[in-house]
Amino acid sequence: MTKSALQIARAAYQPKLPKALKGAVKAVEGAATQSVADQEEIKKLFPNTYGMPLIKFETGEAVSLPSINVGVILSGGQAPGGHNVISGLFDGIKSLNADSKLYGFILGPGGLVDHNYMELTGEIIDEYRNTGGFDIIGSGRTKLETTEQFDKGYEILKELGISALVIIGGDDSNTNACVLAEYYAAKQYGVQVIGCPKTIDGDLKNEMIETSFGFDTACKVYSEVIGNIQRDCNSARKYWHFIKLMGRSASHIALECALQVQPNVCIISEEVEEKDMSLDEVVNYIAQIVAKRAADGNNFGTVLIPEGLVEFIPAMKRLIAELNDFLAHNAEEFSHIKKSHQREYIISKLSPANAEVYASLPEGVARQLTLDRDPHGNVQVSLIETEKLLSEMVATKLASMKAEGKYDGKFAAQHHFFGYEGRCAAPSNYDADYCYSLGYTASMLIADGKTGYMSSVRNTTAPAEEWIAGGVPITMMMNMERRHGEMKPVIQKALVRLDGAPFKTFAAKRDQWASITDYVYPGPIQYFGPTEVCDQPTKTLLLEQGK
């Protein structure tokens, strides 16, 4: 592997660890837990892994442990820091017994089912320390959902003598990890399953999981580029830049980037839903800000848009929910309808209110809503060009305002979507440290015999010495949700809380940012230098922790 100068320098970086993990540890059990909602249903589905206690690691007495073989899977979309989770896991099991081995399953959960694996040696691990991406073993989106898959996976685990499996993924991957842990426990196969919280979207968090890894790095990468665009915007003074950001189910990325760069407009999907805003009202809100800035001689600005906005507009959400259910049950019939007749066919099958909304949509957006679903049966909102949809509708609105004498400016739009650019960036110091600690913590949960737990590292706005490492039962985070037309147990997504400090801070300043040009240019991620430059967590986390 050819390495850049930065990669060579980063290879020497030793991630920081909580004090409790720096020697022998002991597990301290806390209170018993229950699921966040739907307790009776979740308890019934997970009799072997429900109600387990919280775990906290403290300094303990050194003990001699037998060697263990551990498997690891990278699941779902990439996020900066995944390689450090694996590095921490590797170093952790080797610290327990130098003869322990780590096996990586290739291209995600599918590697487990297809028996596609490789041993991860120290030499291989050293090539990937502190690097971005998931390319050490690759990732995939195969869902571990059927008993056939579980048993097929168990065959290779048994063959390799693997007694513990670590699944690094988001809310759906960790839901699957919990189902797998329950199945193996029920069958008494003697295989532990541990999860690690990954997603740049930031929607896998709760009282025990402060943040999902990769969120910090991705937001810093996006904020750097938005800052560059804002500097260009303020230099040319002739374009409105409509910037869509990743985050289909929550607006955490858009909110964090707004706090970092201070744009003229940032739409928060959760607020749109709370206020029951229509698409036209969202467009009108942006158009009014464009007009006000034009009146001050500023025919330029930036608009941040969450990827999943369309799904949060209540009328659209109701339409999409009915479409998802209808297409889940009638996909075969729909596939035989000619493209030229699909729009009329869909309208004829929807309830009157939803048919009216669907008929009002531009042709391109309407078609997009009926295209192939993602693996969960949902609309692939990342393919909807919301940034272009909004700018076109804003242009139309401004034209009518001009005809009424309510607007006298120039409007020209540029469009951007920042997604893949942030998923495999070299991790920030925060993510490098946090991920290494998550992996190391996972090894300690394995040593303590735990299964159905997620690795938890908290108090991360403090110096790393003071971080709190432990484990949280995955069942604690679960509720029942409709998927593919059926109710299924899943980890509850964390949305932007409108009563939370991050949103309140943004809401208090957005009117000022809308009218005056007060851009911030964060610049690139810094890896070397003073702590206040290199080791700062997200503004979201600092505000949530009251810092």
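The values are calculated or read from the model by the stated rules, or taken from the named source; none is laboratory data. Owing to the predicted nature of the structure, the values given are computational and were not obtained by experimental measurement. Glycine also receives a Cβ, built like all others from the backbone with ideal geometry; neighbour counts cover every protein chain displayed.
Against the numbered list (1) charged (D, E, K, R); (2) farther than 22 Å from residue 13 by Cβ; (3) part of a loop (DSSP other than H, G, I, E, B), residue 159 comes up short only at (3). Confirm whether residue 124 is in the same structural domain as residue 265 (by TED's automatic domain parsing) and farther than 16 Å from residue 439 by Cα. Judged against the criteria, residue 124 is not a match.
Highlighted here are the strands (runs of 3 or more DSSP E) found entirely within segment 431-487 that include at least 2 residues which are in contact with a Leu (Cβ under 7 Å, 6 or more places away or on another chain) and either charged (D, E, K, R) or more than 30 Å from residue 329 (Cα to Cα) (or both): 453-458, 468-473. Summed over segment 31-60, residues that are touching a Leu at 6+ places or on another chain (Cβ under 8 Å) and farther than 27 Å from residue 187 by Cα total 1.
When segment 106-134 is filtered for residues that are without any contact (Cβ under 8 Å) to a residue 40 or more places away in the chain and surrounded by 15 or more Cβ atoms within 10 Å (Cβ to Cβ), the ones remaining, listed by number, are 106, 107, 108, 110, 111, 114, 116, 124, 125.
Flag set for residue 402, criterion: basic (Lys, Arg), more than 30 Å from residue 38 (Cβ to Cβ) and not in a loop (DSSP other than H, G, I, E, B).
Has segment 176-188 got any residue that is surrounded by fewer than 24 Cβ atoms within 10 Å (Cβ to Cβ) and part of a loop (DSSP other than H, G, I, E, B)? Looking through segment 176-188, at least one residue is surrounded by fewer than 24 Cβ atoms within 10 Å (Cβ to Cβ) and part of a loop (DSSP other than H, G, I, E, B).
In summary, helices (runs of 4 or more DSSP H) completely within segment 330-376 and bearing 3 or more residues that are modelled with pLDDT under 90 and within 30 Å of residue 170 (Cα to Cα) occur at 363-368.
When segment 439-475 is limited to residues that are more than 9 Å from residue 194 (Cα to Cα) and touching an Asp or Glu at 6+ places or on another chain (Cβ under 7 Å), the one that is surrounded by the most Cβ atoms within 10 Å (Cβ to Cβ) turns out to be 440. Checked against (1) over 22 Å from residue 468 (Cα atoms); (2) touching a Pro at 6+ places or on another chain (Cβ under 9 Å); (3) among the hydrophobic types (A, V, I, L, M, F, W, C), residue 168 meets all criteria but (1). Kindly indicate whether residue 353 is loosely packed, with under 14 Cβ neighbours inside 10 Å and touching a helix residue (DSSP H, G or I) at 6+ places or on another chain (Cβ under 6 Å). Answer is no for this residue. All conditions in (1) under 26 Å from the mean Cα position of the chain (by Cα); (2) over 18 Å from residue 211 (Cα atoms); (3) outside any strand (DSSP E or B) hold for residue 67, with the sole exception of (1). Test residue 305 against the criterion of being under 30 Å from residue 201 (Cα atoms), at pLDDT 90 or above, aliphatic (A, V, I, L, M) and touching a helix residue (DSSP H, G or I) at 6+ places or on another chain (Cβ under 9 Å), and give yes or no. Criteria met by residue 305.
Taken over segment 28-62, the criterion of being out of contact with any Lys or Arg (no Cβ under 7 Å at 6 or more places or on another chain), among the hydroxyl-bearing types (Ser, Thr, Tyr) and within 18 Å of residue 182 (Cα to Cα) is satisfied by 33, 35, 49.
Residue-by-condition table, conditions (1) in contact (Cβ under 8 Å) with a residue 24 or more places away in the chain; (2) more than 20 Å from residue 515 (Cβ to Cβ); (3) surrounded by fewer than 24 Cβ atoms within 10 Å (Cβ to Cβ):
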{"position": "258", "(1), (2), (3)": "yes, no, no"}
{"position": "261", "(1), (2), (3)": "yes, no, no"}
{"position": "269", "(1), (2), (3)": "yes, yes, no"}
{"position": "288", "(1), (2), (3)": "no, no, yes"}
{"position": "293", "(1), (2), (3)": "yes, no, yes"}
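The number of residues in segment 148-183 being in contact (Cβ under 8 Å) with a residue 60 or more places away in the chain, closer than 27 Å to residue 78 by Cβ and touching a helix residue (DSSP H, G or I) at 6+ places or on another chain (Cβ under 9 Å) comes to 17.
Would it be correct to say that residue 17 is in contact with a strand residue (DSSP E or B) (Cβ under 9 Å, 6 or more places away or on another chain), closer than 20 Å to residue 84 by Cβ and touching a residue at least 60 places away in the same chain (Cβ under 8 Å)?
yes
Selection of segment 20-42 for residues being under 30 Å from residue 491 (Cα atoms), surrounded by fewer than 15 Cβ atoms within 10 Å (Cβ to Cβ) and among the charged types (D, E, K, R) yields 26, 29, 40.
Flag not set for residue 449, criterion: modelled with pLDDT under 95 and either hydrophobic (A, V, I, L, M, F, W, C) or more than 23 Å from the chain's Cα centre (by Cα) (or both).
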